[in-house]
Amino acid sequence: MTPGLARAFGRPDATGALVAEVAAGGAAERAGLHTGDIVYATGDHRAPTFAELQQAVAATPPGTLLPISVWRAGRARRMTIEIAALESGSRPGLDADALPRGDRLGLIVVESPARGDSMAAGGLGLEVRESHGAALRAGIGAGDVILAVNDQPADRLDLYRAALARIGPGTYIALLVMRSGSVQYFAIAP
């Protein structure tokens with residue numbers, strides 16, 4: 001969740017995990033969750049991030065009925081979801097379709113012609129098509145243009161991938177991003 005998404009969904013704060021997709025026949029669908037719901041608590045525990053929600057679900061034994069708090073259409077609701085047993089090789093508490101998408105930062109990016117006057121004429125920009133996970137939590141969204149990763153030029157896909165490959169896991173990453181003609185840095189937490 002980002003503050004902008006919270007405002008768009010009428011949520012008073014940016015806590016919780018926004019449901020982007022509900023797998024057909026999965027536990028979330030059986031519980032009545034919908035795309036656009038924001039799950040912000042499990043039981044009596046507030047889950048301000050997707051990671052905390054995922055941990056709470058993973059710590060719950062299969063077959064347990066877990067109460068959840070959901071924000072839908074401008075108001076809070078209480079629901080109950082039955083925690084399903086894991087299939088071999090799957091991640092705790094998640095349907096396969098609900099797994100984060102994109103690269104290790106949670107970004108799906110494409111090369112596109114540069115927009116605006118802050119980049120050299122004829123240059124390329126690495127446009128964000130989708131933002132998930134850590135990148136979304138940092139505030140990076142669709143339409144942003146990535147210029148650098150940890151001060152390494154990354155305005156082309158090959159440069160972006162090479163810059164990410166040089167950064168070890170568990171390390172904060174600084175992305176230089178152009179948005180609406182302005183350039184700013186975003187810190188991506190590991």
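Points worth noting:
- Relative compactness, segment 130-190, computed as alpha-carbon Rg over 2.2 N^0.38 Å: 1.03
- Peptide packing: for 132-140, 159-167, the average count of neighbouring Cβ atoms within 10 Å per residue gives the ranking 132-140, 159-167, highest mean first.
Just so you know, all these numbers are worked out from the coordinates, no wet-lab data involved. Please read all numbers here as calculations on a predicted model, not as lab measurements. Every residue, glycine among them, receives a Cβ derived from its backbone with ideal geometry; neighbour counts consider all protein chains shown.
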